[in-house]
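Participant: Encoded as structure tokens, here's the structure I'll be asking about.
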Amino acid sequence: MADTRPRPPASQPPAEVAGEGPELHSTEHGVQVHEVPATTTEREFTVQRRSQTQMVIRRFMAHKLAVGSLIVFLLVVVISLIGGRLWKYDYADITDQYSSPPSLAHPMGTDDIGHDELAQVLRGAQKSVQVALLVAILATTIGAVIGAIAGYYRGWVDSVLMRFTDLILTIPSIAILAVLAATLADKAGNWFFVGLVLALLQWTYIARVVRGTFLSLREKEFVEAARALGASDTRIMFRHLLPNATGSIIVNATVTVAVAILVETALSYLGLGIKSPDTSLGLLISTGQQAATTRPWLFYFPGLIIVIVALTINFVGDGLRDAFDPTQTRVRA
């Protein structure tokens, strides 16, 4: 016979304390569901999206030698541009110390006339940096435009522009400046004139690099899509293609800066660049060459600045080349 005696109710699970554990929420269909807070595990595996620019900067910052070289180069540029105004001697001042070695009063010594060598080096670095930056800006602009037009249109336009580029490549800059120095003696020694002539002769390398990049990019799908949407040739070249060639342009621009400084130094050394009463690093090396054994500070300090500038620019170029390396993982913006 069945047991009909009342039994105590089964034990109920403890009610959730307000504010603790998962909370019950009703959906639009009346179903009770638990809301589980996000776990820290999901946050640990969340990857923040980076743009292409951020990845380039990140890769460049990982190149310690390039970062250090960039800092040193910027210091040289800043000191050369404003250091002469802060130093107690001007490059044209003549002191009563003749051919004195480096000392506290003259950290780089003086020459046989009494010029403070530090003031001379600051002035020379200023002019050399100005020439290099002018060459880099003008040569990069001219080369990018000519290379973009040649690579995009191809055909007879490409042939004419590249044959003109080959013609410029065969012209030695020393010969051009020698002729100009003889015909335009009043302007040939000006830093702006020297930089302008060098820029008109140094754009050819950048033009070839940009042309090759445009030849490979013009067949991509995004270019065909832009044409289908009615984009003009100018918009396609400078809005879609040129940004993709920025890496190559920047790397070659840094190389152009180094080449411009070395070429300007060589021209001033030969007497075809910046001339007295102004000065440059090449001119200081030329005038201090004869005293390299008796007064070495007149020769080695300008030479040291040139070596530092050339090396730092080359290291920065290496870092930029690695940062813009197309084989690296790219991120879609």
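Participant: Considering the stretch 88-109 alone, what residues qualify as being crowded, with 18+ Cβ neighbours inside 10 Å and touching a residue at least 24 places away in the same chain (Cβ under 8 Å)?
Facilitator: Once the filter is applied, which keeps residues that are crowded, with 18+ Cβ neighbours inside 10 Å and touching a residue at least 24 places away in the same chain (Cβ under 8 Å), the stretch 88-109 yields TYR89, TYR91, MET108, GLY109.
Participant: Another question, then. Considering each of LEU311, LEU229 in turn, give the residue that is among the aliphatic types (A, V, I, L, M) and loosely packed, with under 13 Cβ neighbours inside 10 Å.
Facilitator: It is LEU229.
Participant: Still on this model: When you check TYR152 against the structure, is it aromatic (Phe, Trp, Tyr) and outside any loop (DSSP other than H, G, I, E, B), yes or no?
Facilitator: yes
Participant: Then there is this: Got a number for residues in the stretch 107-136 being within 14 Å of TYR91 (Cα to Cα), in a helix (DSSP H, G or I) and aliphatic (A, V, I, L, M)?
Facilitator: So the answer is 5.
Participant: Hey, any hits in the stretch 56-76 for a residue that's closer than 30 Å to ALA199 by Cα, touching a residue at least 12 places away in the same chain (Cβ under 8 Å) and touching a Pro at 6+ places or on another chain (Cβ under 7 Å)?
Facilitator: no
Participant: Now for a different question. Any idea how many residues of the stretch 255-273 are of a type outside the set (Gly, Ala, Ser) and in contact with a Gly (Cβ under 6 Å, 6 or more places away or on another chain)?
Facilitator: Total satisfying the criteria: 5.
Participant: Could you check the stretch 182-299 for helices (runs of 4 or more DSSP H) lying wholly inside it with 2 or more residues that are over 30 Å from ARG154 (Cα atoms) and either modelled with pLDDT of 80 or more or within 25 Å of the chain's Cα centre (by Cα) (or both)?
Facilitator: Helices (runs of 4 or more DSSP H) meeting the threshold: 191-202, 246-269, 281-288.
Participant: Could you list all residues from the stretch 153-176 that are modelled with pLDDT of 85 or more and touching a Leu at 6+ places or on another chain (Cβ under 8 Å)?
Facilitator: ILE168
Participant: For the stretch 268-289, check the following and say yes or no: at least one residue is farther than 28 Å from THR204 by Cβ, basic (Lys, Arg) and surrounded by fewer than 20 Cβ atoms within 10 Å (Cβ to Cβ).
Facilitator: No, every residue in the stretch 268-289 fails to be farther than 28 Å from THR204 by Cβ, basic (Lys, Arg) and surrounded by fewer than 20 Cβ atoms within 10 Å (Cβ to Cβ).
The values are calculated or read from the model by the stated rules, or taken from the named source; none is laboratory data. Since we're looking at a predicted model, the values are computed, not measured. For neighbour counting, all protein chains shown are included, and Cβ atoms are generated from backbone atoms with ideal geometry for every residue, glycine included.
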